[in-house]
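The block underneath contains the structure these notes are about, expressed in structure tokens.
The values are calculated or read from the model by the stated rules, or taken from the named source; none is laboratory data. Just so it is clear, the model here is predicted, and its values are computed rather than measured. Methodologically, a virtual Cβ is constructed for each residue, glycine included, from the backbone with ideal geometry; neighbour enumeration extends over all protein chains shown.
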Amino acid sequence: MKISIATHGGWGGRFAAPISVDTATMPPELAGEATRLAAAAEAAHGAVDTAASTPRSRAPEAQSYTITVEDDGRCRTLKASDVGGDPHLTALVDWVKQQC
């Protein structure tokens, strides 16, 4: 499973390169955690096959994230934001950031 995150908006999002992790290159316990977090994020938020525009928030300096999960030939896209984001998506974003 490969999880990629692109950061948009905010001051940091203007200069941030996309980050990604690949469970094939991780120890089994980390790969399992990535799989669990991705599944929880998808279940809580739902996934779409194409990236939709991130809605504007009331905090224009807030960052938003496009999370792409590639696994078993499927590619799912999730959206997250610093403002009012789903805790499962936030947990996945934070975890991937820690691994990179």
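The table below gives the values:
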| quantity | calculated |
| --- | --- |
| Residue under evaluation Thr66, criteria (1) at pLDDT 90 or above; (2) farther than 21 Å from Leu30 by Cβ; (3) touching a helix residue (DSSP H, G or I) at 6+ places or on another chain (Cβ under 7 Å), criterion not met | (3) |
| Residue count for the stretch 63-88, restricted to those that are free of Cβ contacts under 8 Å to residues at least 60 places away in the same chain and part of a strand (DSSP E or B) | 9 |
| Filtered residue count, the stretch 14-57, keeping only those that are at pLDDT 85 or above and either hydrophobic (A, V, I, L, M, F, W, C) or in a helix (DSSP H, G or I) (or both) | 23 |
| Single unsatisfied condition, Trp11 versus (1) at pLDDT below 90; (2) exposed (fewer than 15 other Cβ atoms within 10 Å of the Cβ); (3) within 16 Å of Val93 (Cβ to Cβ) | (3) |
